[in-house]
Amino acid sequence: MDADVIIVGAGLAGLVAAQQLTGQGRKVALVEQENAANLGGQAYWSFGGLFLVNSPEQRRLRVRDSFELAWSDWQASARFDRLEDEDVWAARWARAYVDFAAGEKRSWIEAHGIKLTPVVGWAERGGLRADGHGNSVPRFHVAWGTGTGVVGPFMRAAERAAGAGLLTFHHRHRVDELVVQDGAVTGVRGSVLKDDSSPRGVSSSREVIGSFELTAQAVIVTSGGIGADHDLVRRYWPRRLGTAPRQMITGVPAHVDGRMLAISATAGARIVNEDRMWHYTEGVQNWDPVWPGHAIRILPGPSSMWFDALGRRLPAPYLPGYDTLGTLKYLRTTPDIAGYDHSWFVLTQKILEKEFALSGSEQNPDITSGDRRAVLRNRLLGKGAPAPVDAFKRRGADFVVATTLDELVAKMNGLTDEPLLDAAELRRQIVARDLQIGNPYSKDAQVQGIHNSRRFLGDRLSRTATPHRILDPKAGPLIGVKLHVLTRKSLGGIQTDLDSRVLGTDGTPISGLYAAGEAAGFGGGGVHGYNALEGTFLGGCLFSGRQAGRAAAQAVK
């Protein structure tokens with residue numbers, strides 16, 4: 001055999017599985033359709049957020065968290081309703097993952113060289129009910145190095161294992177088939193792609209120059225989801241979210257194509273929860289793209305006003321940073337706006353400077369480089385917006401700036417095929433909101449959220465602007481941002497048991513086949529259910545990759 005275990009996909013889950021296997025002396029063949037520059041996959045480009053429960057970072061900020069609270073939040077968000085079928089393993093994975101996040105995860109990542117910044121973010125605040133979707137407390141821990149800081153230790157472990165003869169890289173090898181003999185998966189077959197020296201993330205050649213076959217005692221599929229293939233996204237778009245946008249922008253590199261899901265199904269794997277997916281409504285076009293349609297998600301603080309395509313303020317809980325899929329559903333199912341593919345943020349320069357962050361390792365050079373002084377200078381003590389945010393304000397196709405609301409609305413209308421916004425109507429809504437700012441209490445749900453956010457030290461220091469009137473000239477200029485639907489994650493995938501063994505259509509494990517990461521719905525075929533709590537995608541790759549590597553290491557002789 002060519003190896004003890006073949007891993008298909010050199011992203012985070014695959015690298016973690018490889019580290020677990022080679023750490024126990026197993027020989028690994030790591031097969032990846034992209035070149036060596038793309039080691040680490042999609043996770044490399046991420047903001048590096050990790051979901052942790054009752055961490056030292058939380059406690060230092062006086063956040064009281066517990067397994068019980070986190071598990072309550074997870075269940076309320078996931079809403080597992082297929083427990084006799086597609087969710088039967090997903091729910092078990094979910095509890096195991098929350099237990100990991102509340103226990104061993106913090107020490108385990110630290111042992112692998114992943115360090116955390118001191119400020120914990122309050123992502124995905126949810127639907128404003130104790131028994132509804134969302135995080136009750138801040139749990140979003142950002143790694144020093146962002147995504148590079150999370151994948152880096154496992155990239156280096158793979159390179160060391162290769163130097164020791166325990167791991168062989170097979171770059172530019174695209175798997176087209178899982179080899180099945182007597183009901184067991186014994187290897188892979190595929191195409192050798194033409195060498196391509198393109199930089200990380202850039203679309204690469206698909207020219208075939210040969211074929212290959214590798215054999216092993218086990219195969220682990222860690223090939224990611226479908227986010228770069230908009231046709232697949234539209235095929236599985238759930239009816240509960242209305243109609244898919246005619247135009248979407250892409251939040252993942254082009255190689256996130258979902259091919260291995262169909263290939264695994266052909267080998268007998270059961271694919272579940274294909275109608276569950278995670279896309280953002282705060283996407284903006286990248287003025288300096290790497291891959292086709294390359295988009296960036298705004299990580300908003302709580303203060304920007306959010307308007308639909310017709311200029312009506314979105315109702316609670318569809319507020320910045322609260323309910324991702326709830327907002328998507330509202331925008332795609334409300335009859336008179338469902339035909340439009342965009343919405344709007346209206347904010348001030350003061351809000352931009354304090355609250356706007358951009359998802360992505362390349363959009364956060366201070367954290368990515370680990371420059372603590374730069375973080376302090378740029379995010380806490382400095383004046384003006386961080387340089388990447390300011391660049392989008394100046395150069396981004398979706399940003400307009402003006403000193404008066406009338407001028408701003410005219411520029412916003414200039415970004416659409418027809419003028420849909422009425423300045424007088426926007427003014428009426430903004431003035432009504434501004435009247436609520438004069439007191440430390442309010443009937444306005446968003447203003448209540450702003451005050452609640454500023455009670456948390458981390459948000460007050462770095463993520464929430466001092467409450468002020470949108471139309472206060474001293475807080476200006478005014479900024480309008482056209483928002484698009486940005487594709488990101490598959491929440492369903494290959495069904496696996498708690499040892500990451502792939503289950504067949506009859507519910508029994510397929511001998512020799514494992515899956516982890518997004519390809520497996522981050523565990524069990526859909527550990528998130530219908531909703532993610534954020535910081536759970538990288539963590540899901542870490543946890544499921546670890547499980548798959550450990551189980552495969554025990555299974556092979």
Exercise for the section: Would you be able to tell me the number of residues in the stretch 406-423 that are free of Cβ contacts under 8 Å to residues at least 40 places away in the same chain and loosely packed, with under 15 Cβ neighbours inside 10 Å? Expected result: 5
Exercise for the section: Check Leu503, Leu483 and return the single one that is open to solvent by less than 10 Å² (accessible area, probe 1.4 Å), farther than 23 Å from Ala18 by Cα and assigned to a strand (DSSP E or B). Expected result: Leu483
Exercise for the section: Mind telling me which of the residues Phe51, Phe47, Phe100 ends up being open to solvent by 20 Å² or more (accessible area, probe 1.4 Å) and touching a residue at least 40 places away in the same chain (Cβ under 8 Å)? Expected result: Phe47
Completion exercise
Considering residues that are farther than 30 Å from Glu86 by Cβ and open to solvent by less than 10 Å² (accessible area, probe 1.4 Å), the number found within the stretch 276-293 is 1
Practice task
Please find, within the stretch 294-313, the residue that is nearest to Arg125 (Cα to Cα) out of those that are open to solvent by 10 Å² or more (accessible area, probe 1.4 Å) and in a loop (DSSP other than H, G, I, E, B).
Solution key: Pro300
Exercise for the section: Give the residue, chosen from Gly540, Gly535, that is open to solvent by less than 10 Å² (accessible area, probe 1.4 Å) and not in a loop (DSSP other than H, G, I, E, B). Expected result: Gly540
Exercise for the section: Report yes if some residue within the stretch 392-415 is farther than 19 Å from Pro477 by Cβ and part of a helix (DSSP H, G or I); otherwise report no. Expected result: no
Practice task
Can you work out which of the residues in the stretch 69-90 that are touching a helix residue (DSSP H, G or I) at 6+ places or on another chain (Cβ under 9 Å) and open to solvent by 20 Å² or more (accessible area, probe 1.4 Å) is nearest to Met155 (Cα to Cα)?
Solution key: Trp71
Problem - Any chance Lys350 is in a helix (DSSP H, G or I) and of a type in the set (Lys, Arg) - result: yes
Exercise for the section: List every residue pair whose Cβ atoms sit under 8 Å apart, with the two residues 6 or more apart in sequence or on different chains, where the first one lies in the stretch 328-342 and is loosely packed, with under 15 Cβ neighbours inside 10 Å and the second, anywhere, is in a helix (DSSP H, G or I). Expected result: Thr333/Leu241
Practice task
Test each condition in (1) of a type outside the set (Gly, Ala, Ser); (2) open to solvent by 40 Å² or more (accessible area, probe 1.4 Å); (3) more than 27 Å from Ile494 (Cβ to Cβ); (4) within 26 Å of the chain's Cα centre (by Cα) for Val137 and report the one that comes out false.
Solution key: (2)
Exercise for the section: Would you check if there is a residue in the stretch 206-223 being among the charged types (D, E, K, R), part of a strand (DSSP E or B), surrounded by fewer than 21 Cβ atoms within 10 Å (Cβ to Cβ) and at negative phi? Expected result: yes
Handout entry: Residue check, Arg234 modelled with pLDDT of 95 or more, surrounded by fewer than 24 Cβ atoms within 10 Å (Cβ to Cβ) and touching a helix residue (DSSP H, G or I) at 6+ places or on another chain (Cβ under 8 Å)
Key = no
Exercise for the section: Confirm whether Asp444 is under 24 Å from Ala357 (Cα atoms) and either under 29 Å from the mean Cα position of the chain (by Cα) or open to solvent by less than 40 Å² (accessible area, probe 1.4 Å) (or both). Expected result: no
Problem - Thr368, sole failed condition from (1) closer than 23 Å to Asp288 by Cα; (2) free of Cβ contacts under 8 Å to residues at least 24 places away in the same chain - result: (2)
Practice task
Could you check Leu513 against (1) assigned to a strand (DSSP E or B); (2) under 20 Å from Gly224 (Cα atoms); (3) open to solvent by 50 Å² or more (accessible area, probe 1.4 Å) and say which number it fails?
Solution key: (3)
Completion exercise
If you go through Leu457, Leu426, the only one that is of a type outside the set (D, E, K, R) and open to solvent by 30 Å² or more (accessible area, probe 1.4 Å) is Leu457
Handout entry: Residue that is surrounded by the most Cβ atoms within 10 Å (Cβ to Cβ), among those in the stretch 345-404 that are within 21 Å of Val252 (Cα to Cα) and among the β-branched types (Val, Ile, Thr)
Key = Ile367
Completion exercise
Restricting attention to the stretch 429-441, the residues that are free of Cβ contacts under 8 Å to residues at least 60 places away in the same chain, surrounded by 14 or more Cβ atoms within 10 Å (Cβ to Cβ) and under 17 Å from Thr404 (Cβ atoms) number exactly 1
Exercise for the section: Would you mention how many residues in the stretch 80-123 are at pLDDT below 95 and among the β-branched types (Val, Ile, Thr)? Expected result: 1
Exercise for the section: Working only within the stretch 10-37, note down all residues that are open to solvent by 10 Å² or more (accessible area, probe 1.4 Å) and not basic (Lys, Arg). Expected result: Gly11, Gln19, Gln20, Thr22, Gly23, Gln24, Gly25, Glu32, Gln33, Asn35, Ala36, Ala37
Handout entry: Residue match in the stretch 246-260 (condition: surrounded by fewer than 18 Cβ atoms within 10 Å (Cβ to Cβ) and either assigned to a loop (DSSP other than H, G, I, E, B) or on the phi > 0 side of the Ramachandran plot (or both))
Key = yes
Practice task
Check whether at least one residue in the stretch 428-441 is modelled with pLDDT of 95 or more and hydroxyl-bearing (Ser, Thr, Tyr), and report yes or no.
Solution key: no
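The values are calculated or read from the model by the stated rules, or taken from the named source; none is laboratory data. Please read all numbers here as calculations on a predicted model, not as lab measurements. Methodologically, a virtual Cβ is constructed for each residue, glycine included, from the backbone with ideal geometry; neighbour enumeration extends over all protein chains shown. Just the protein is used for accessible areas: all its heavy atoms, side chains included, with ligands, DNA and RNA removed. Shrake-Rupley method; radii C 1.70, N 1.55, O 1.52, S 1.80 Å.
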